[in-house]
1. Inside region 514-539, can you point out the residues that are loosely packed, with under 15 Cβ neighbours inside 10 Å and either under 21 Å from G194 (Cα atoms) or not assigned by TED's automatic domain parsing to the domain that holds G194 (or both)?
2. Counting only residues that are surrounded by 20 or more Cβ atoms within 10 Å (Cβ to Cβ) and of a type in the set (A, V, I, L, M), which one in region 665-683 is nearest to I633 (Cα to Cα)?
3. Where the second residue is hydroxyl-bearing (S, T, Y) and not in a loop (DSSP other than H, G, I, E, B) and the first is touching a residue at least 12 places away in the same chain (Cβ under 8 Å) and within 21 Å of A723 (Cα to Cα) and lies in region 627-651, which pairs have Cβ atoms under 7 Å and are six or more apart or on separate chains?
4. Give all pairs with beta carbons closer than 6 Å in which a residue from region 564-583 that is within 22 Å of G611 (Cβ to Cβ) and assigned by TED's automatic domain parsing to the domain that holds A638 meets a residue that is among the basic types (K, R) and outside any loop (DSSP other than H, G, I, E, B); count only pairs at least 6 apart in sequence or on separate chains.
5. Looking at F360 and the list (1) touching a helix residue (DSSP H, G or I) at 6+ places or on another chain (Cβ under 8 Å); (2) aromatic (F, W, Y); (3) crowded, with 24+ Cβ neighbours inside 10 Å, which single condition is not satisfied?
6. Determine which single condition D394 fails, assuming it passes every other condition in (1) under 17 Å from the mean Cα position of the chain (by Cα); (2) not in a helix (DSSP H, G or I).
7. Within region 499-513, work out how many residues are in a helix (DSSP H, G or I) and either under 17 Å from S248 (Cβ atoms) or touching a Gly at 6+ places or on another chain (Cβ under 6 Å) (or both).
8. So which residues in region 370-401 are closer than 27 Å to S203 by Cβ and either in contact with a helix residue (DSSP H, G or I) (Cβ under 6 Å, 6 or more places away or on another chain) or among the aromatic types (F, W, Y) (or both), if there are any at all?
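The values are calculated or read from the model by the stated rules, or taken from the named source; none is laboratory data. Quantities reported herein were computed from a predicted structural model and do not represent experimental measurements. Note that we place each Cβ from the backbone using ideal geometry, even for glycine, and neighbour counts take in every protein chain shown.
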Amino acid sequence: MSVSRRAEARAERELRRETLIEASAELGLVALNGPADPEPSLVLEGGRVVELDGRPEAAFDVIDRFVAAHGIDPGAAAEAAALADGEIARRLVDVDVPREALVRLSAGLTPARLARIAAMLDPVELMFALKKLRARRRPANQAHVTNRKESPALLAADAAEAAARGFAEIETTVGVARYAPLNAIAILAGSQVGRPGVLTQCSVEERRNLQLGIQGLTAYSETLSVYGTEPCFVDGDDTPWSKAFLASAYASRGIKVRFTSGAGSEALMGHAQGCSMLYLEARCLCAVRAAGSQGVQNGGISTVALALALPGGTRAILAENLIAAWLDLEVASGNDAIASHSPIRKTAKLMGQFLPGTDFVTSGYSVMPRYDNMFGGGNYDSDDLDEWLTIQRDWQVDAGIEPLSEEEAVAVRERAARAVQAVFAELEFPEITDEEVALAVTARDSRDLPDRDRAADVAAGDRVLDEGIGGVDVALALDRAGFTDVAEAILGLQRLRVAADTLQTAAIVGPGWAVESAVNDPNDYRGPGSGYRLEGERWKLLRALPHEVDPATLALQDRSGEPKLVVRGEAGAGTQPDEVVIAIGPAFLDRLRETIGGLPHEAVLTAIADGVRAEGARPRIVRVLRSSDVAFIGHDGAALSGSGIAVGLQSKGTAVIHRADLQPLDNLELFGMAPLLTLESYRAIGRNAAAYALAQPVGPVPVELDNFARAKLIVKTTLLHAAETEEIDPGARPLELALELA
């Protein structure tokens, strides 16, 4: 079969690097509404659950037993049983039904029923329901900070920049487990340089993670993974009870904790038991709530690409985020792992969480380039920050990242690297050199930094654990080195652990160490005009991007020196049959002096005139004052031309070859791609105009095309044309001009 070259080109697109598959229920490769998903059922006897989603108590697996014992409210179950699925789905999108009522109702719904109802909503309805059900009023974001060389200076610098950019939480991990204490110290110190109160964690094996928290080197954790089938728990040597016990161990030390789950993990582990990803995730989320966790990071996480390989996969991921919020859990939505090679698909996936807002729009935005992301890549990284900020500005949506000037970024990075250098020196860890500090401030990634003595570093990491070096020790080291404000911030994090305010659902630390959570800053959305709105000072901050420019400056041009056009009087009709009029706009070589492509106006005029003469015709320059439209400028010039031929020329460089007997909006040749026109282009325009005047055979001037020119230059085009239009004199007659060159 023959294949078109267009099809061949599409086959080379980034999307085709991925495998899209048909659903396969027996393998658990079905996004939602799987044929093997159980029919929802809930039977209680004396307040005891004796049947759950088609299974009698005697057949309960470990998840059923845990959810039945701790995750079902009999009172809410009776209320839910009286409502049809469609009615509950309608209430999810009814602005008159408050969040509190829906959260109460969710406690009486089984996993199968939660999944079935969520699957009834289309994508827009899912987003609307998520907007209403988000726990905390204001969305926030979490950052990832890692690097391949485990460079403490670079970790601290990246953490500081992330904090200064508004991230409420920062997470690191390691390539070598023994580095965990040093990496935790680096982002702890760096984050508090960037913004006091940012919560940090080091994602490692759970025992080590808990130890770091107890020593005050981390402030939260999200490493507690749960699964939707019993065999997956068995593979991990876990049960819901062991996870709940571990969560209570964190909470007893004032450490914020949320669980981790996500569509596709059971299929990836080979234990999906033929059920859909959404149903299995609903089981996970019911177990998370039953365990008493304040929240969950979910939405595919590391398996997002598997979910997206299936029909409806993106919708299922959004549905699981919704179920988590419906169950009154903090949601860190999985926009951290690479969802697709395709930028369009990645952004389409993101919008489901970006527009309605989640408690943490990403469960780890990579604030360094992908090369250094030890979490396995990243859907978005430091190269995408400008795009992310611009999309926030485009939609007037707060997705938790703030603009930061390069000057501010460099300053905060330098101070953070110096701070961790001081900590290492005070604690007698391996030296962080001045060279490392300087390179960490401006590095693109860890390849720009020298290698460290890894054996010495891991030995220092062992010391942290063996000697019990903790957050207070880090604060004291900083204080001795003169970083008193950073030391106070780290002590502030220790105080938060004692107060335990960050254990509240969706807790983050706001300005002045005020903890914002679902308790004291609950989502109060109740329809248009209510809930969190990006406005006031926050909107002013988020829309003021470093690369935003003052529109008034875009149309400013150097007007030094006198214009080189001499007015000879009012322009009359020409009589010479070999005459070609060059008709220019009202601001040409007067208020404006160059084209949008940066060509000086006098050079453009000279090039056109030279082209006219080269073909044996005579150029004449006329200024049209009554219009700024290139078609009318050109047509007015043609009416004055002895040959009936004219070149019309706007100040921004757009040109036309016109003839007097044509309608104004008709023409012989139009050259709208002004940014691509060169002086040789204008000479060719002059030659063609002369050929038309002399009735010679004419081939159109070759033109180039830039499909992105409009997006790049439409603002400047608008402002230049506005400047030209302001010079219009509607009743003025055309003027005869002469160009005087030195």
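1. A514, E537, R538
2. So, considering only residues that are surrounded by 20 or more Cβ atoms within 10 Å (Cβ to Cβ) and of a type in the set (A, V, I, L, M), the one nearest to I633 (Cα to Cα) is A674.
3. Pairs that qualify, where the first residue is touching a residue at least 12 places away in the same chain (Cβ under 8 Å) and within 21 Å of A723 (Cα to Cα) and the partner is hydroxyl-bearing (S, T, Y) and not in a loop (DSSP other than H, G, I, E, B), are S628/T725.
4. Filtered contacts from region 564-583: D578/R618; E579/R618; E579/R620; V581/R620.
5. (1)
6. All conditions pass for D394, except number (2).
7. Going residue by residue through region 499-513, those that are in a helix (DSSP H, G or I) are 499, 501-503, 511-513.
When the remaining residues are screened for being either under 17 Å from S248 (Cβ atoms) or touching a Gly at 6+ places or on another chain (Cβ under 6 Å) (or both), the result is 502-503, 513.
Of the residues in that region, 3 qualify.
8. Listed by number, the residues that qualify are Y371, D372, F375, G377, G378, N379, Y380, D381, W388, Q392, A399, I401.
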